[in-house]
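Visitor: Would you mind keeping the following structure in view while I ask a few things?
Rule-based calculations on the coordinates, nothing more; no lab input. All values derive from a computational prediction rather than experimental measurement. For neighbour counting, all protein chains shown are included, and Cβ atoms are generated from backbone atoms with ideal geometry for every residue, glycine included.
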């Protein structure tokens, strides 16, 4: 078996082990789906607070602090909806990948998670636009969705026009933190692939050292 084939064998084996472990947990856990959803709500809420505290700390103490505090909750719920759906799409992709006959098909199925990660960026923008609109109604300072859309379109345009300005870097950092939970499947696959390559190389070196002098 070549090093390339050995790496894929390790990768498939690790992914199969994860799939079996996850299915056992799902079967043994009561109210599994609500618990997964609530876990993602908590993760998104933590990401929101961390991003706000590290990128825009002054907003927590200014005159709009109540608006931003309230915005975090619908953002977390909408983020959890996307993350829960993407988790189960990822599980379907894992099942299809493990059933694939060729390594190319195997990688192809898992690569769909990259598209999900890109889609998450647009979902984050929608979550903030919608949440800001809802909060404006709650605070009796109503805005239209077109106003919220225009606000985030202008921020996106500023990022594209001058990506290295301080404000653009803050906005990109904020978006990356808010999309972190959606990146978990992609990072998981990349980490598992890197670990598989490392294991196959280590086994090849060990085999070479234990061979005849």
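Visitor: Applying a 10 Å radius around every beta-carbon, put 15-21, 178-184, 195-201 in order of their mean neighbour count, most first.
Guide: The peptides rank, most packed first, as 178-184, 195-201, 15-21.
Visitor: Please identify, among 193, 127, 76, the residue showing maximal mean-square fluctuation in a Gaussian network model of the chain using a 10 angstrom Cα cutoff.
Guide: Of 193, 127, 76, the most mobile in the Gaussian network model is 193.
Visitor: While we're looking at this one, here's another question. For the chain, report the translational diffusion coefficient in µm²/s to the nearest whole number, using Stokes-Einstein at 20 °C, 1.002 mPa s, and a Kirkwood Rh over Cα pairs.
Guide: 108
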